[in-house]
Amino acid sequence: MRRGRTPELIVGLDVGTTKICAIVAAPRLRGGVDVVGVGAAPSRGLRRGVVVNIDSTVEAIRQAVAEAEQMAGVEVSAVYVGVAGGHIRSVNSRGVVAVSGKDREVSQADVDRAVDAARAINISQDREIIHVLPQTFMVDDADGVREPLGMSGVRLEVEVHVVTAAVTSVQNVIRSVNRAGLTVQDVVLEPIASAEAVLYPDEKELGVVVIDIGGGTTDLALLRDGAVWHTAILPLGGDHVSNDVAVGLRTPMADAEALKKRYGCALTALVPAEETVDVPSVGGRKPRQLSRQVLSEIIQPRVEEIFTLVARELSRAGFQDAATAGVVVTGGSSIMQGVPELAEAVFDQPVRRGVPGAVGGLANVVKSPMYATAVGLALYGARRQGPTSAWTDTTSGTLGRWGRRLVGWLGEVL
Ligand SMILES: Nc1ncnc2c1ncn2[C@@H]1O[C@H](COP(=O)(O)OP(=O)(O)OP(=O)(O)O)[C@@H](O)[C@H]1O
Ligand SMILES: [Mg+2]
């Protein structure tokens with residue numbers, strides 16, 4: 001059934017290791033989006049965030065999108081799709097140019113040239129740049145400039161966060177989307193999308209780490225002064241926790257997953273000693289009763305390992321003390337009891353669980369950490385929609401069309 005195409009709607013498509021999720025959203029006048037359709041399907045074609053089976057991925061994308069279309073009562077044709085996986089790399093880079101505009105006033109052309117200079121990093125043939133995110137500008141001696149347009153100077157410098165990915169991995173995501181009958185409007189790094197969905201503006205200013213723990217990967221992004229300073233994907237997630245439970249309790253994988261979701265706790269100290277759980281056995285043996293603390297003792301070391309790796313990644317990149325506003329955990333695995341508490345112990349910082357905000361419409365349907373990436377993709381798309389959408393005008397001040405390209409903490413120049 002073909003229904004009217006609604007071009008101004010935005011679709012976020014999260015191709016995750018556990019589930020594929022599509023969100024159809026309408027941009028709101030003052031920023032944010034109204035969710036009008038949600039669809040999800042179990043994902044079987046990915047391993048650790050990377051597409052390894054196109055056919056099953058295409059099938060799950062079709063299902064998720066059809067469900068979201070049905071709910072929204074529209075037909076969609078283009079999506080903002082997320083990418084993740086161990087092939088992702090990120091670096092900070094800088095570019096310097098002489099201001100060439102008349103009267104030495106910084107023009108958009110100068111900004112573009114500076115960003116071009118900054119993105120000229122050495123990458124091998126099999127990799128491509130997927131993001132170039134400006135962090136801060138310097139005009140002559142004035143540093144920390146967010147909006148250089150119109151300033152006077154002879155020298156313009158920009159610092160950017162550059163994210164690169166393996167061409168084949170990105171191609172496999174795009175191919176899956178295309179084969180499901182959709183075009184890709186943009187490819188977005190998943191933790192950048194999650195950050196869009198769950199962070200408050202003041203956190204992004206002060207410095208915050210968002211950690212999205214999914215099934216196959218843990219994605220992180222560090223934001224500060226309204227910009228992205230570090231991103232990374234660790235090939236470890238909730239599936240590893242379930243696997244540990246299956247092995248540790250000698251129970252089938254599906255039961256381990258169910259036990260984890262229902263009774264799991266990431267911090268053993270939070271589990272009362274007298275609580276027990278029934279554990280199904282393998283090989284037709286009778287179910288056993290076990291202390292819930294034993295279950296937690298299996299889970300805690302794995303979740304602790306994940307947070308320790310995140311902490312190590314941040315200090316390796318030199319950002320161990322950058323998150324003044326603390327840590328936000330999100331993704332399906334953050335739903336488990338004790339996850340924020342354990343993270344607080346590892347990072348020695350305040351930690352909260354992040355659920356998608358800045359959304360209206362069917363907001364309740366997506367108010368779960370599981371939907372952070374998908375909602376974030378829609379929010380990212382709304383922000384990128386550019387001159388055609390009315391609400392971007394309200395954030396662009398007097399800078400007009402050109403200025404708009406640089407406004408906002410994700411004001412990306414490509
Ligand atoms: N209530 C719960 N308690 C504990 N874990 C949960 C709960 N609900 C979901 N999970 C876990 O969350 C994980 C899936 O999270 P999510 O949906 O964010 O992953 P994904 O986006 O598909 O995967 P990835 O981001 O790694 O590609 C699974 O490991 C699942 O077991
Ligand atoms: Mg995910």
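Where a number appears in this text, it was derived from the coordinates with a stated rule and is not lab data. This is a predicted model, so every value here is computed, not measured. Here the Cβ positions follow ideal geometry from the backbone for every residue, glycine too, while neighbour counts run over all protein chains shown.
Below are the figures for this structure:
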quantity: Prolate/oblate/rounded call for the range 1-149, Cα gyration tensor, a/c under 1.5 rounded; calculated: oblate
quantity: Order of 251, 330, 276 - criterion: other Cβ atoms within 10 Å of each residue's Cβ, fewest first; calculated: 276, 251, 330
quantity: Trypsin sites (Lys or Arg not before Pro) within the range 280-315, DSSP loop, no more than 15 other Cβ atoms inside 10 Å; calculated: 285
quantity: Lysine pair count for the chain [Cα-Cα under 26 Å; pairs on different chains or 8 or more apart]; calculated: 8
quantity: Loop-resident sites, the range 18-103, for GluC sites (Glu not before Pro), counting at most 15 other Cβ within 10 Å (DSSP); calculated: none
quantity: CD proxy at 222 nm, helix term only [per DSSP H run n ≥ 4: -39500 (n - 2.57); per residue of the chain; nearest 500]; calculated: -10500 deg cm²/dmol
quantity: Only Lys, Arg (+1) and Asp, Glu (-1) charged, at Cβ; the range 89-164 dipole about Cα centre in debye; calculated: 200 debye
quantity: Residue 289 paired with residue 143, simple spin-label distance in nm, labels 7 Å along Cα-to-beta-carbon; calculated: 6.5 nm
quantity: 5 angstrom amide H check on residue 47, placed H, neighbours 5+ away; calculated: 52
quantity: Most mobile listed residue (24, 365, 97) in the chain, GNM with C-alpha springs under 10 Å; calculated: 365
quantity: Under 12 Å, Cβ to Cβ, from residue 223 - net charge with Lys/Arg +1 and Asp/Glu -1; calculated: -3
quantity: Rounded if a/c under 1.5, otherwise prolate or oblate - the range 50-95, Cα gyration tensor axes; calculated: oblate
quantity: Cα gyration tensor category, rounded, prolate or oblate, for the range 52-136 with a/c compared to 1.5; calculated: oblate
quantity: Relative contact order (%) - the range 89-164, alpha-carbon pairs under 8 angstrom, separation at least six; calculated: 45 percent
quantity: Neighbour cut-off at most 16 other Cβ (10 Å), DSSP loop, trypsin sites (Lys or Arg not before Pro), the range 316-368; calculated: 367
quantity: Cα-centred dipole magnitude for the chain, charges only on beta-carbon of K, R (+1) and D, E (-1), debye, nearest 20; calculated: 1120 debye
quantity: Crossing angle, helix 292-316 versus the chain [Cα axis fit, 0-90 degrees, rounded to tens]; calculated: 20 degrees
quantity: Cα lying deepest toward the dipole's positive end in the range 89-164, options 117, 106, 148, charges on Cβ; calculated: 117
